[in-house]
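Structure first, then comments.
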Amino acid sequence: MPGRDRKEMVRASYGAYESGDRQALEDLLADGFRFWSPADPGIDRATYWERCWPNHERHKTFEYIRLYEVGEEVVVTYEAERTDGGRFRNTEVFGFAGDKIRTVEVYFGWNL
């Protein structure tokens, strides 16, 4: 069993987006981190920082609808508010390597 609570790690990753604290997220990600979404199938860590991290400037808050640890993964559904007032819903699946986030799969498309 890992030493860190995986659900807390996931919450902290969204907190980094809310606060713009890249280092906080860097500290959570495994060296071999990979990210999947319909637009970004299996991108590596460096590409994630280039393509995905800049979106933190448009995210204001995350509200967790589901947050479950299932086996070796954490599944989260959230509703997020953008800085322009728009809202959307995503579901993400986090995989782990010990005390680090190794993978994230994002399923999106719901504007609220």
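The values are calculated or read from the model by the stated rules, or taken from the named source; none is laboratory data. Every value quoted in this text rests on a predicted model; they were computed, and no experiment measured them. Positions of Cβ are backbone-derived with ideal geometry, glycine not excepted, and every protein chain shown enters the neighbour counts.
Taken as a whole, region 5-15 holds no residue that is loosely packed, with under 15 Cβ neighbours inside 10 Å and of a type in the set (S, T, N, Q).
Restricted to region 1-15, and to residues there that are of a type outside the set (Lys, Arg) and assigned to a loop (DSSP other than H, G, I, E, B), the residue that is farthest from the chain's Cα centre (by Cα) is Met1. Candidates are the residues of region 50-66 that are of a type in the set (A, V, I, L, M, F, W, C) and under 12 Å from the mean Cα position of the chain (by Cα); the one that is nearest to Arg6 (Cα to Cα) is Phe62.
Scanning region 16-33 for residues being touching a residue at least 24 places away in the same chain (Cβ under 8 Å) and in a helix (DSSP H, G or I) gives a total of 6. On inspection, Ala46 fails the criterion of being assigned to a helix (DSSP H, G or I), over 18 Å from Phe108 (Cβ atoms) and in contact with a Leu (Cβ under 9 Å, 6 or more places away or on another chain).
Checked across region 102-110, the condition of being under 17 Å from Glu18 (Cα atoms) and either of a type in the set (Phe, Trp, Tyr) or modelled with pLDDT under 95 (or both) holds for no residue. Within region 23-45, the set of residues being more than 21 Å from Gly98 (Cα to Cα) and either exposed (fewer than 14 other Cβ atoms within 10 Å of the Cβ) or of a type in the set (Lys, Arg) (or both) comprises Pro38, Ala39, Pro41.
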